[in-house]
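What follows is a short report on a single structure.
The values are calculated or read from the model by the stated rules, or taken from the named source; none is laboratory data. What you see is a predicted model; the values in this text were computed from it and never measured. Here the Cβ positions follow ideal geometry from the backbone for every residue, glycine too, while neighbour counts run over all protein chains shown.
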Ligand code: DGT
Ligand code: MG
Ligand code: MG
Ligand code: MG
Ligand code: MG
């Protein structure tokens, strides 16, 4: 087809494709969520429903972009790690950033009412960036950094809000905690509030890790109901969203793509599926990485 005389303007577009063969980390973060959390009455310091809504939106992103092999979320942020070999959108940074962050934001709004009891008062926005990591050590250190950040903030915030609840003004609580070590914060929680920080929910201490898990869907051959039959997967956790551990529900909720007809026996067909599962495990130590073959 003949080109118009205006076509030359395309030449002004800049190439921004990411270096090949590097782990591509895309992190997004809620804009002004200090205000957003207050406006929507988020529980302090952690609103479990708001955190689960973040997980749901992240799961929607993973299901759309299956080159993401792990995602990690805490507070108002999520990191998505793409396979080193991904060629999604020709690895163009602007295309990846804009598509992922808009799908995440739209999903956050789309699923809001399934999770939150208060109405959504204004549209939330998220910023996003891409960072490329050339070595497995760099990538693991990146994820360790985010999980350590989660722990440090959660310990501080748990202490801070306990002090405020006990009657201190915000500034007084801040002053009390200024310069304290982790051990001192643990002691304040234990001695003054009877809280053993170790017993706080894993989701709050460790954040959320989203991974793919394989399973076999069992289908009765004459149509009818379907049932999930779990493979001996290494990842344990619950499905994302409100489906909990109900595999039947998870089927329709989270099952995606690549459905390869596997086998038919005893009147049942088994179909290979994969779904996103969320867990709240340590990703700083070696055991997570030893147990999950993720870094090839
Ligand atoms: P930014 O990211 O520079 O636009 O500004 P913010 O205000 O989003 O700050 P950021 O991302 O450093 O910190 C996250 C804020 O979100 C922080 O003020 C606490 C709030 N937030 C996140 N999750 C929760 C929650 O579960 N409960 C409550 N009460 N607040 C939360
Ligand atoms: Mg920020
Ligand atoms: Mg933020
Ligand atoms: Mg943040
Ligand atoms: Mg287009």
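Taking the stated definitions as given, is residue 73 touching a strand residue (DSSP E or B) at 6+ places or on another chain (Cβ under 8 Å) and either within 15 Å of ligand 4 (Cβ to nearest atom) or more than 30 Å from residue 296 (Cα to Cα) (or both)? It is true that residue 73 is touching a strand residue (DSSP E or B) at 6+ places or on another chain (Cβ under 8 Å) and either within 15 Å of ligand 4 (Cβ to nearest atom) or more than 30 Å from residue 296 (Cα to Cα) (or both). Please find, within segment 16-42, the residue that is surrounded by the fewest Cβ atoms within 10 Å (Cβ to Cβ) out of those that are assigned to a helix (DSSP H, G or I) and near ligand 3 (Cβ under 9 Å from one of its atoms). For segment 16-42, the residue satisfying everything is 34. Filtering segment 3-16 for residues that are at negative phi, within 16 Å of ligand 1 (Cβ to nearest atom) and over 17 Å from the mean Cα position of the chain (by Cα) leaves an empty set. Does segment 147-158 contain any residue that is within 16 Å of ligand 4 (Cβ to nearest atom) and more than 19 Å from the chain's Cα centre (by Cα)? There is at least one residue in segment 147-158 that is within 16 Å of ligand 4 (Cβ to nearest atom) and more than 19 Å from the chain's Cα centre (by Cα). Only residues that are in a loop (DSSP other than H, G, I, E, B) and within 18 Å of the chain's Cα centre (by Cα) were counted in segment 104-123, giving 1.
The single condition among (1) in a strand (DSSP E or B); (2) more than 16 Å from ligand 3 (Cβ to nearest atom); (3) farther than 20 Å from residue 203 by Cα that residue 63 does not satisfy is (1). Of the helices (runs of 4 or more DSSP H) lying entirely inside segment 124-233, the ones with 3 or more residues being over 30 Å from residue 62 (Cβ atoms), out of contact with any strand residue (DSSP E or B) (no Cβ under 7 Å at 6 or more places or on another chain) and within 16 Å of ligand 1 (Cβ to nearest atom) are found at 136-165, 170-177. If you check every pair at least six apart or on different chains, which have Cβ atoms under 7 Å apart with a residue in segment 118-146 that is within 30 Å of residue 293 (Cβ to Cβ) first and a residue that is loosely packed, with under 12 Cβ neighbours inside 10 Å second? Final answer for the pair search is 132/19. List every residue pair whose Cβ atoms sit under 7 Å apart, with the two residues 6 or more apart in sequence or on different chains, where the first one lies in segment 28-50 and is farther than 24 Å from residue 61 by Cβ and the second, anywhere, is at pLDDT below 95 and more than 8 Å from ligand 3 (Cβ to nearest atom). As it stands, the answer is none, since no pair meets every condition given. Only one of the numbered conditions (1) within 16 Å of ligand 3 (Cβ to nearest atom); (2) under 15 Å from the mean Cα position of the chain (by Cα); (3) in a strand (DSSP E or B) is violated by residue 69, and that is (1). For segment 81-97, the candidate set comprises residues that are assigned to a helix (DSSP H, G or I) and free of Cβ contacts under 8 Å to residues at least 12 places away in the same chain; within that set, the residue that is nearest to residue 130 (Cα to Cα) is 95.
Taking the conditions exactly as written (surrounded by 18 or more Cβ atoms within 10 Å (Cβ to Cβ) and over 24 Å from residue 201 (Cβ atoms)), does residue 133 satisfy them or not? Judged against the criteria, residue 133 is a match.
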